[in-house]
Amino acid sequence: MMPEREPGIRADASAADAAPVVFVVDDEEHMGTALRRLFASAGLSAEVYATGEAFLARPQLDVAGCVVLDVGMPGMGGLEVQARLHARAADLPVIFLTGAAEVPVAVAAMRAGAADFVEKPFDNDDLLRRVRGAIERQAVQRGEARQRREFARRLDTLTPRECEVLEWIVAGKTSKEIARTLGGSHRTIEIHRGRIMEKTAAESLADLIRMRLLVGAPRPRRNGGEG
């Protein structure tokens, strides 16, 4: 089943990384149409699906955006769609649409990781605010994840000896103290420190420590020797 799109919105799935997409999953046709128009009027790309199965059949779900998901749908309900997204490690934030009687279900969804829920009937401006907030939080989280991966890549270039020196640096030890602990000269430790700073592209000692604390202990190169 092909998703409905507001005229003029590109159907190219590869564009999803360039601009966030709001995925509306609701079995009520009038609701899907209204939400599609609402998001398009606010400058947001939108795709509308009438069933959870159709949405999950989308080839690519690892995209920027969020899901506006009806809790009570025939067939696959909103909670199951959310569980399937988690199983696929999709980081799309989910905003549930609920009726008054479905609030307990929405609370359970929040405990399972949903970003938010909105009761029907809802205020359009309020929904837009929540959707934009969810998209912004996802962007921040993705940026932090990219930063952690880059920091981990840099730290993984260190040799076993450089990793040892790094741990003592993080512990607040001076080069002389590290030399006494590891058995070596102050000059040698200073060389290791310089190489650590160079390999990690850290601009300062504080930058290096922040990098190490954010990523955790590095995995030294097995063939890196002690150089």
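The values are calculated or read from the model by the stated rules, or taken from the named source; none is laboratory data. In this text the structure is predicted, and so the values were computed from the model without any measurement. Cβ placement follows ideal geometry from the backbone for every residue including glycine, while neighbour counts extend to all protein chains displayed.
Flag: Val63 does not match the condition of being within 16 Å of Asp123 (Cα to Cα) and either among the hydroxyl-bearing types (Ser, Thr, Tyr) or within 23 Å of the chain's Cα centre (by Cα) (or both). Evaluation of Cys66 against the conditions (1) closer than 24 Å to Arg137 by Cα; (2) at pLDDT 90 or above; (3) surrounded by fewer than 20 Cβ atoms within 10 Å (Cβ to Cβ) shows that the sole unmet condition is (3).
Within region 177-184, is even one residue exposed (fewer than 12 other Cβ atoms within 10 Å of the Cβ), out of contact with any Asp or Glu (no Cβ under 9 Å at 6 or more places or on another chain) and farther than 30 Å from Leu44 by Cβ? Looking for residues that are exposed (fewer than 12 other Cβ atoms within 10 Å of the Cβ), out of contact with any Asp or Glu (no Cβ under 9 Å at 6 or more places or on another chain) and farther than 30 Å from Leu44 by Cβ, one finds at least one in region 177-184, hence yes.
Residues that are surrounded by fewer than 16 Cβ atoms within 10 Å (Cβ to Cβ) and touching a helix residue (DSSP H, G or I) at 6+ places or on another chain (Cβ under 9 Å) within region 158-169 comprise just one, Glu167. Restricting attention to region 181-227, the residues that are within 19 Å of Pro160 (Cβ to Cβ), modelled with pLDDT of 90 or more and not hydrophobic (A, V, I, L, M, F, W, C) add up to 12. Ala11 meets each of the listed conditions (1) modelled with pLDDT of 95 or more; (2) part of a loop (DSSP other than H, G, I, E, B) apart from (1).
Thr157 meets all of the listed conditions (1) among the β-branched types (Val, Ile, Thr); (2) touching a residue at least 24 places away in the same chain (Cβ under 8 Å); (3) outside any loop (DSSP other than H, G, I, E, B) but one, namely (3). Being of a type in the set (Lys, Arg) and free of Cβ contacts under 8 Å to residues at least 12 places away in the same chain is a property that Arg142 lacks.
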